[in-house]
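These notes concern the structure reproduced below.
The values are calculated or read from the model by the stated rules, or taken from the named source; none is laboratory data. Model, not experiment: these values are computed from the prediction. Don't worry about glycine lacking a Cβ; one is built from the backbone with ideal geometry, like all the others, and counts go over all protein chains shown.
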């Protein structure tokens with residue numbers, strides 16, 4: 001209960017800061033980088049509309065699956081867990097941490113548990129932030145369309161731009177404004193059964209500007225927008241690669257298993273994927289797998305056996321993604 005109370009207090013504080021806390025409104029707030037050109041009420045309405053569209057799409061898919069005899073109790077139970085209030089609140093807890101850390105004046109890197117980092121992350125992300133002159137860096141998300149594909153006139157929600165499984169914020173005035181505005185929408189989003197990632201994507205071009213390089217990022221920041229650079233992902237949803245690129249390649253920073261759903265075990269799910277590609281570092285008993293003569297680094301690729309000093313040297317001179 002203490003955690004719930006703390007989160008509710010954080011939501012309220014964020015809402016106060018985001019909705020007129022600076023004394024500025026509309027385009028004036030955007031020009032000074034202290035808020036969004038859309039009001040809090042506008043965003044609440046947008047969230048409710050998106051949630052209704054998503055619910056309708058899920059209901060249609062469920063009806064179709066039921067008619068075809070597919071699906072099952074296990075899948076239904078998992079879906080219920082994923083869409084529960086507790087599950088949504090856990091996702092939003094990351095944004096509570098983000099807002100508080102930025103308020104203290106520190107950069108903040110947040111990662112989901114289904115991410116394996118292949119080299120030093122903080123230094124690599126700092127290189128990205130400096131190179132692209134941006135407030136935040138996010139992993140790209142898969143394009144998502146929630147309209148009716150058979151009806152070209154049906155409403156379409158914002159496509160998926162960002163994945164909240166891997167991101168880092170610089171401690172700037174504009175990044176703090178974005179973090180507070182994002183967090184302030186948590187209560188209505190949880191009530192509408194919309195997760196933190198969906199809400200962040202709805203805020204695109206309303207509370208922040210996605211940018212693709214130093215020129216566009218600097219231009220957007222000059223206009224007062226919080227800026228977000230999207231870095232490439234390794235693969236798409238539900239499309240796991242049959243062969244992983246050498247993890248010792250200095251251009252690869254991490255692997256995020258968006259290609260499969262559910263943690264699973266040694267034979268399936270995210271855990272099984274990592275074990276298959278030698279990225280799982282502990283066994284069921286918590287013992288490090290690299291101590292096992294059958295699975296240690298000497299049994300891996302030639303680069304693993306020889307070490308990666310050359311790769312690390314190259315990493316200091318390039319962006320590791």
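Descriptive notes on the structure:
- Considering (1) touching a strand residue (DSSP E or B) at 6+ places or on another chain (Cβ under 6 Å); (2) over 17 Å from residue 96 (Cα atoms); (3) touching a residue at least 24 places away in the same chain (Cβ under 8 Å); (4) surrounded by fewer than 24 Cβ atoms within 10 Å (Cβ to Cβ), the lone condition that residue 197 does not fulfil carries the number (2).
- Residues within segment 110-121 that are outside any loop (DSSP other than H, G, I, E, B) and either out of contact with any helix residue (DSSP H, G or I) (no Cβ under 7 Å at 6 or more places or on another chain) or surrounded by 16 or more Cβ atoms within 10 Å (Cβ to Cβ) (or both), tallied: 5
- Candidates 222, 204, 212, 171, filtered to the one that is touching a strand residue (DSSP E or B) at 6+ places or on another chain (Cβ under 8 Å), at pLDDT below 90 and more than 30 Å from residue 58 (Cβ to Cβ): 212
- Those residues of segment 121-160 which are at pLDDT 85 or above and within 26 Å of residue 57 (Cβ to Cβ), in sequence order: 138, 139, 140
- Cβ-Cβ distances below 7 Å connect the following pairs, each with a first residue in segment 203-221 that is more than 18 Å from residue 180 (Cβ to Cβ), a second residue that is part of a loop (DSSP other than H, G, I, E, B) and modelled with pLDDT of 90 or more, and a separation of six or more residues or different chains: 211/134; 217/134.
- Of all residue pairs spaced 6 or more apart or on separate chains, none has beta-carbon atoms under 8 Å together with a first member in segment 103-121 that is within 19 Å of residue 258 (Cα to Cα) and assigned by TED's automatic domain parsing to the domain that holds residue 87 and a second member that is at pLDDT 95 or above and assigned to a loop (DSSP other than H, G, I, E, B).
- Test: residue in segment 122-135 that is crowded, with 17+ Cβ neighbours inside 10 Å, at positive phi and part of a loop (DSSP other than H, G, I, E, B): yes
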